[in-house]
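**Student:** Pasting a structure here, questions to come.
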Amino acid sequence: PIAGRIFHVRTLHQPQDVHGCNLLFVSSENARRESALLNSLHGLPILTVGENDEFLAAGGMICFRLDGDHVRFDINLAAAKSSGLHISSRLLLLATHVQRTVADARGGR
């Protein structure tokens, strides 16, 4: 339990195994299947978190990365909104980059 809530960690082998998930972490080891997995989750209220450089462009919501000795993160706000999720303004302020539109996520600022 964390803050009175019970968390379960599962390893998923198939995209349909996400039933009941609120958060899905996609490791860099799964980068090859990342795009198909994120497409299968489009519109579902599941927070997607990853660590691959192309994660946000593929439709992921939060991407962690190392910057020297620090862990930083970027947010794809458009992807979160399209799944009906709200990212708090406090978290947005802590992010290094916030991509607000689909064009931003693809690098088309």
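**Student:** Would you mind stating whether Ser27 is polar (S, T, N, Q) and more than 25 Å from His8 (Cβ to Cβ)?
**Tutor:** Numbers: polar (S, T, N, Q): yes; more than 25 Å from His8 (Cβ to Cβ): no.
Considered against the rule, which asks whether it is polar (S, T, N, Q) and more than 25 Å from His8 (Cβ to Cβ), Ser27 comes out as no.
**Student:** Inspect all residues belonging to the range 65-80 and state whether any of them is β-branched (Val, Ile, Thr), surrounded by 17 or more Cβ atoms within 10 Å (Cβ to Cβ), closer than 23 Å to Ile6 by Cα and under 12 Å from the mean Cα position of the chain (by Cα).
**Tutor:** Taking the range 65-80 first, the residues β-branched (Val, Ile, Thr) are 71, 75.
Then keep just the ones that are surrounded by 17 or more Cβ atoms within 10 Å (Cβ to Cβ); that gives 75.
Checking the rest, the ones that are also closer than 23 Å to Ile6 by Cα come to none.
No, the range 65-80 contains no residue that is β-branched (Val, Ile, Thr), surrounded by 17 or more Cβ atoms within 10 Å (Cβ to Cβ), closer than 23 Å to Ile6 by Cα and under 12 Å from the mean Cα position of the chain (by Cα).
**Student:** Return yes when Leu44 is touching a strand residue (DSSP E or B) at 6+ places or on another chain (Cβ under 8 Å) and either modelled with pLDDT of 90 or more or surrounded by fewer than 19 Cβ atoms within 10 Å (Cβ to Cβ) (or both) and no when it is not. Even if it seems obvious, please write down each step before you answer.
**Tutor:** Values: touching a strand residue (DSSP E or B) at 6+ places or on another chain (Cβ under 8 Å): no; either modelled with pLDDT of 90 or more or surrounded by fewer than 19 Cβ atoms within 10 Å (Cβ to Cβ) (or both): yes.
No, not satisfied.
**Student:** Which residue out of Ala105, Ala95, Ala36, Ala31 is modelled with pLDDT of 95 or more and among the small types (Gly, Ala, Ser)? Steps first, answer last, please.
**Tutor:** Numbers: Ala105 fails: modelled with pLDDT of 95 or more; Ala36 fails: modelled with pLDDT of 95 or more; Ala31 fails: modelled with pLDDT of 95 or more.
After ruling out the rest, the residue left standing is Ala95.
**Student:** Further question: Consider Gln16 carefully, then state whether it is of a type in the set (S, T, N, Q) and surrounded by fewer than 14 Cβ atoms within 10 Å (Cβ to Cβ). Walk me through how you get there before you give the answer.
**Tutor:** Details: of a type in the set (S, T, N, Q): yes; surrounded by fewer than 14 Cβ atoms within 10 Å (Cβ to Cβ): yes.
Yes.
The values are calculated or read from the model by the stated rules, or taken from the named source; none is laboratory data. Everything numeric here is computed off the predicted structure, so don't read it as measured data. All Cβ positions, even for glycine, are placed from backbone atoms using ideal geometry, and neighbour counts span all protein chains on display.
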